[in-house]
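Everything on this sheet refers to the single structure shown next.
The values are calculated or read from the model by the stated rules, or taken from the named source; none is laboratory data. All values derive from a computational prediction rather than experimental measurement. Cβ placement follows ideal geometry from the backbone for every residue including glycine, while neighbour counts extend to all protein chains displayed.
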Amino acid sequence: MEILQNMDNILKAGLEQIEATKTVEELQDVRRELTGKKSPLSEVSKSMGSLDAEARKQVGMKISEIKTTFETKLNEKEAALIASKSVLDEPLDLTLPGTKINGGALHPITQMCYDLNDAFASLGFEVYSEDDISSEKYAFDNLNFAADHPARQSMDTYWIEGTEDKAGTERLCLRPHLTGGSVRYLLKHGAPARFVYPGRVYRNETTDARHERAFFQYEALIVDKNISFSSGMVMIQTILEKVFGRKINVRMREGFFPFTEPGYEIDMECLVCGGKGCKVCNHNGWIEVMPGGVIHPNVLKSANLDPNKWTGFYINIGLDRLVMMRYGVDDVRLFHSGDLRFLNQFK
Ligand SMILES: [Zn+2]
């Protein structure tokens with residue numbers, strides 16, 4: 001049939017036209033020519049009236065087949081033209097300087113926290129975390145703080161508005177230390193246990209070169225049947241050596257914390273001044289980095305553990321101060337300033 005032959009020619013010519021197109025704008029014209037009202041295909045359908053029923057059916061099918069083919073090819077060509085329209089339209093100048101890739105980095109306190117996690121994990125400790133909001137029960141009652149202990153006052157601790165005149169688990173606060181988490185962990189997992197629980201703590205105090213209202217602590221607790229003072233000491237030395245990569249001078253003084261008996265203040269030689277004295281170490285060459293001590297029997301009882309059977313050793317690392325020591329920075333506030341001129345040095 002002549003008309004069908006004619007249509008094959010329309011198809012062939014159309015496809016060649018699409019293929020030869022160079023721009024998206026040109027392609028829009030081609031689309032109009034091939035599928036619009038004045039296209040060769042529309043001319044064919046207008047002439048269909050003179051055909052018999054069978055031929056009309058055949059031609060109709062062929063028309064719609066060709067239309068579909070044109071649509072598909074037009075869309076493919078359009079996608080290809082858009083994809084090829086790249087920066088390479090401009091001549092490529094290989095002498096231009098490259099674009100600097102700006103990578104982020106961990107905050108030095110986060111980095112220190114991760115390093116400690118690794119060091120403790122190698123000693124078999126689990127990493128545990130809990131919420132920043134605690135209660136009087138977990139922050140004080142469980143930890144053997146006396147009912148009139150000054151830390152319970154609002155001049156030291158941030159109490160949550162609306163709960164101030166309640167007590168126990170009903171009286172909420174921003175955790176003033178991490179130690180509350182130790183009883184929570186022990187109640188859940190029992191003993192023996194060895195775990196660390198890093199996090200941010202909050203104190204209502206005046207800020208200076210060594211103090212911030214919110215700062216990071218890193219606490220570790222080991223509970224077992226025969227934990228001695230010397231196992232605590234070994235733990236401290238191992239950790240400091242892993243963090244600083246060399247032997248660090250430490251000393252222990254008697255310290256008093258409600259949740260320990262006995263308690264210790266663990267000092268390390270000030271690495272900012274090398275022990276000569278500076279404003280970080282309060283001009284005495286040593287810096288208090290870790291209170292610690294043997295867990296108090298009353299705390300074990302709060303955790304439903306028998307003090308005649310179990311004992312344990314806490315250490316509480318002042319993360320900010322340890323970072324100050326690592327980098328020899330003498331003002332803790334810089335680490336919380338969000339000042340990239342300062343922070344970029346640690347990338
Ligand atoms: Zn110093």
The listed residue being touching a residue at least 40 places away in the same chain (Cβ under 8 Å), within 30 Å of Ile3 (Cα to Cα) and loosely packed, with under 14 Cβ neighbours inside 10 Å, out of Ser47, Ser64
Ser47
Where residues in segment 6-17 are closer than 12 Å to Ile63 by Cα and free of Cβ contacts under 8 Å to residues at least 40 places away in the same chain, which of them is surrounded by the most Cβ atoms within 10 Å (Cβ to Cβ)?
Asn6
Any chance segment 202-219 includes a residue that's among the aliphatic types (A, V, I, L, M), surrounded by fewer than 20 Cβ atoms within 10 Å (Cβ to Cβ) and outside any loop (DSSP other than H, G, I, E, B)?
yes
Name the residue, out of Gly180, Gly190, Gly162, that is free of Cβ contacts under 8 Å to residues at least 40 places away in the same chain and not hydroxyl-bearing (Ser, Thr, Tyr).
Gly162
Filter segment 263-276 down to residues that are assigned to a strand (DSSP E or B) and touching a Gly at 6+ places or on another chain (Cβ under 6 Å) and give me whichever is farthest from the ligand (Cβ to nearest atom).
Gly263
Does Ala121 satisfy the criteria of being without any contact (Cβ under 8 Å) to a residue 24 or more places away in the chain, of a type in the set (Gly, Ala, Ser) and closer than 30 Å to Leu334 by Cα?
yes
Has segment 211-233 got any residue that is within 30 Å of Leu334 (Cα to Cα) and either over 27 Å from the mean Cα position of the chain (by Cα) or outside the structural domain of Glu265 (by TED's automatic domain parsing) (or both)?
no
Whether any residue in segment 225-247 is within 16 Å of the ligand (Cβ to nearest atom) and assigned to a loop (DSSP other than H, G, I, E, B) is what I want to check.
no
For residues in segment 277-296 being surrounded by fewer than 16 Cβ atoms within 10 Å (Cβ to Cβ) and more than 7 Å from the ligand (Cβ to nearest atom), which is farthest from Val332 (Cα to Cα)?
Asn284
Could you say whether any residue in segment 304-314 is within 16 Å of the ligand (Cβ to nearest atom), part of a loop (DSSP other than H, G, I, E, B) and surrounded by fewer than 14 Cβ atoms within 10 Å (Cβ to Cβ)?
no
Between Met1, Met7, Met61, which is of a type in the set (A, V, I, L, M, F, W, C), modelled with pLDDT under 80 and more than 30 Å from Gln345 (Cβ to Cβ)?
Met1
